[in-house]
Amino acid sequence: MTQTDRTIEALFEENRTFPPPADFARRAIVSSPEIYAEAEADFEGFWARQAENLVWRRRWDQVLDWSGAPFAKWFVGGRLNVTESCLDRHLGEHPGRVAYYWEGEPGDARTITYAELHAEVCRLANALALLGVEKGDRVAIYMGMVPELPVALLACARLGAPHSVVFGGFSADALADRINDAQAKVLITCDGSWRAGQVVPLKDMADDALERTPSISSVVVVQRTNNAVSMQEGRDVWYHDVVPEQEPSRPATECDSEDLLYLLYTSGTTARPKGIVHTCGGYLVGATTTTKMVFDLHEEEDVYWCTADIGWVTGHSYIVYGPLSVGATSVIYEGAPAYPDKDRLWDVVEKYKVSILYTAPTSIRTFMKWGDEYPGRHDLSSLRLLGTVGEPINPEAWMWYRDIIGAGRTPVVDTWWQTETGMQMISPLPGLTTTKPGSATHPLPGISADIVDDEGNSVPLGGGGYLVLTRPWPAMLRGIYGDPNRFVETYWRRFSRPEEDKWVYFAGDGAKRDLDGDYWLLGRVDDVMNVSGHRISTLEVESALVDHPAVAEAAVIGRADPTTGQAIAAFVTLRGTAEGDEALIQELREHVAVKIGKIARPASIVFTDELPKTRSGKIMRRLLRDISEERHLGDVTTLANAAVVEEIAARARLARGNAGGGAQKS
Ligand code: WTA
C-alpha cells in the first residue's frame, strides 16, 4: 500500500472534507455564501449583474427570452463584439500585461502582451477580410497549439465570422465532414504541429480533406514545423506572406447578442457529430463569470494555465474567451506532457510561476503512474489553486493532486460541464465550498440542476439517476447547426413536459447526490465514451470499423480503464474468409485513426464469429461491457445466441492482456 492509498482509507473512515483554507478564503473573490441565495431569488437579475462586466455597444432590452423554449435568447437586443471585452478594453489600463506566455514543445518561447495580441488579431482579421470573409461566414481552423491559434479564433470573432475549430488530432475525413457541415469558406491551418518530437503533418491532412470541400475558397497556412508542404496556387497563402503587412488595427464588427460566435462539433449517440451552436452575448457572460469565480482569478497577480487543447470547448472557454475577458495572464504549452521528459509540465509551472492549474483527471492519473519524482524535481510553491475537468475524478487522483502537486494546501475545484453548456455548471467556489475528493459538489450560483429517475421524478438525496438542468443559463447551446429537431430530441424530449411549459435539459450523465446534496458524477449513460476526457461515440467507431472491407459487423463499448477513464473495446465479425490475426487488428486500428483520428483507435479488438444479440436482433452492448470489465454475466438465456458469450469472454480476456494500458491521449 502506498502513502496515498493510506490517506484515502483514512479519508473514507473519517469522511474527510476540505473546507477552504482560511488564508485562501480571506482573499477570495467570492467569499460570501449569500451569492447562492441572491442568484436563486432572481437568476435573471444575477446574470444581468454579471453581464455588466462586459463591454456592450448597446445594452440589452430583456435578459432572457424563453418564450421559444427550448430555443433560448439571452440579452435580447444587446449589441457587442466579444473581442472588445477580450482585447480592446485592456489596452487603456494595461496594454503591457502579458496575455499569453507561450511555450513551444522544442523549447522556444514567446511572450505576447495584450497590446501585441490586439494588433495581431486585427492584422489577421484584415487579411481574412481581403480573402472575402464577411460577417456570418464560417471559418474552419485546424491547427496545433501555436500563438496564431487563439489569434485565429479572435480574428474571426472580430469580423463576426463564426469559427469552427477542428482539433488537430482529428483525421482528414473528420475535418472534411465538419467543413462540409458548416459550409466553411476559409480554412486556417499550419504546415505541421509538434507532438512528442514528431511533426503531425496538418497541411497534408488538410489537403486530403480539401479534395472534398468545395465550399473552401482560401487556405491560410501558418509555418511552424518547416516540413515540405504543397501550396495550391490561387487557394493557399502563407500566413507570414499576408498577415504582417496588414494594419494593426481594425474596428470590431458589431454583432447581436444572439449572433453565432462559433460552432464546435462533438460526438453524440449517432455516427454523425453535432455542430454545437454558441452565440456571442450569453456565452461570454458565462465564460467570464465562471473564469473569475471558479478560478478565483486575480488577474493582476495570477498566472493561470489550462492544459487543454484549444480544439476542445475547455480551450475555447478557459484558454481564450474567459481568461482574456477577465484580463488574465495565461500559459499555453504546445506539445506533449512527456517531452522531452515526464516532468515537462512541472518545469513549465516552475518557469512561469503558475498559480492556477486546470487539467484533466486522465493526465493526473498518468502523472501518478509516472511517480512523485517528476513533480519532486521542481519548485511548485507558486500553485495556489488546482482544477480538473473532463471526466469523473477518482478520490485517489484527487488526493494525489492536492497532496503532491498542491503540497496539501491548495483547494481543488472539480468542474462538471460540457461542450453544450459552454461554461462550468457544477463546481465548488474555492473560497466558500467545502470539497470532498471525487465530488463536483453543487451547482454554481444561478444554475439549477437535479437528479431524476426514468420517469423524470426528482430522486431524494442519497439516491442516483440522470443528471438534468432545470433552468436556462446564459452560455447554453442555442442549437445543433442546421438540425433543430435533433437539438430538441437529444437534449429536451426525454424529461421535458412542454404542455406544462416545463423544460428539462438531459445532460447524458449519470450522477448521485449524497445527504449533504453534493453531486458525484458517474459517467455517461448513453452510447458516448469518455476516453482520456475525449467524447467519442460508440457508433462513430463502429461505422469506421464496418467501413473496412474485411469487417461484417462491429460493436464498440467503453470499458473501465485505470488511466484513461474508459478504453475503447471493439468486437468484430469478419466477412467471408478474412483472417482475424494481429496484423488485421493493427490494420483496423489504423483504419479508425484514418477515419476519425488517433484518439478513437480501439485499445482492444476481439474477433468473434457472432455478436451477442437479443432475439429481436439488438446487439447487447451492456453484456459486452460486463464481459470487458469481468463482471459476473448472470442470465444470458434471453439471447438468440447464448453460446457465443463464453467464447467472447475468453477472447476478451486475452485481448485485454495484449492491449496494455489502453489508448493514450495523443
Ligand atoms: C464529462 C468537457 C465528471 C461528462 C468540458 C460530460 C465530467 C462530458 C466532468 C462533456 C467532471 C466533464 N466530472 N464528468 N468534472 N467534466 N465530464 O463536451 O460526461 O468534451 O457530459 O466537455 O465530459 O465532455 P465535453
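Coordinate-derived values only; no laboratory data. Worth saying up front: this structure is predicted, and the values here are computed from it rather than measured. Neighbour counts run over all protein chains shown; Cβ positions are idealised from the backbone, glycine included.
Observations on the structure shown:
- Among 224-237, 503-516, the peptide with the highest mean count of other Cβ atoms within 10 Å heads the list, and the full ranking is 503-516, 224-237.
- Using the average count of surrounding beta-carbon atoms within 10 Å as a protection proxy, the listed peptides 453-465, 630-642, 286-298, 612-624 rank, highest first, as 286-298, 612-624, 453-465, 630-642.
- Under the convention that each Lys and Arg Cβ holds +1 and each Asp and Glu Cβ holds -1, the size of the dipole of the chain around its Cα centre is about 240 debye.
- Cα-Cα separations in region 343-389 greater than 14 Å, expressed as whole percent: 50
- For region 82-185, the equivalent ellipsoid derived from the alpha-carbon gyration tensor has semi-axes of 25, 19, 9 Å in decreasing order.
- Rounded to the nearest 20 debye, dipole of region 183-310 from Cβ charges on Lys, Arg, Asp, Glu: 600
- Violating pairs (Cα-Cα greater than 25 angstrom) within the set Lys135/Lys595; Lys369/Lys512; Lys369/Lys598; Lys274/Lys436: Lys135/Lys595; Lys369/Lys512; Lys274/Lys436
- For region 175-221 and region 507-564, distance of Cα centres in Å: 27
- Distance from region 146-171 to region 28-57 (C-alpha centre basis), Å: 30
- Computed log10 I(q)/I(0) for region 185-258 at 0.15, 0.23, 0.27 Å⁻¹: -0.62, -1.03, -1.23, from the Debye equation with unit scatterers placed on every C-alpha and solvent omitted.
- Over all projection directions, the Cα-based convex hull of region 530-656 averages an area of 7.5 nm².
- The distance linking region 574-636 with region 354-385 is 35 Å (Cα centroid to Cα centroid, whole angstrom).
- Across the chain, the volume of the C-alpha convex hull divided among the residues equals 161 Å³ per residue.
- Plainly put, region 486-594 has a radius of gyration that is 1.12 times its Kirkwood radius, both from alpha-carbon atoms, as the Rg/Rh ratio.
- Cα-centred dipole magnitude for region 281-377, charges only on beta-carbon of K, R (+1) and D, E (-1), debye, nearest 20: 280
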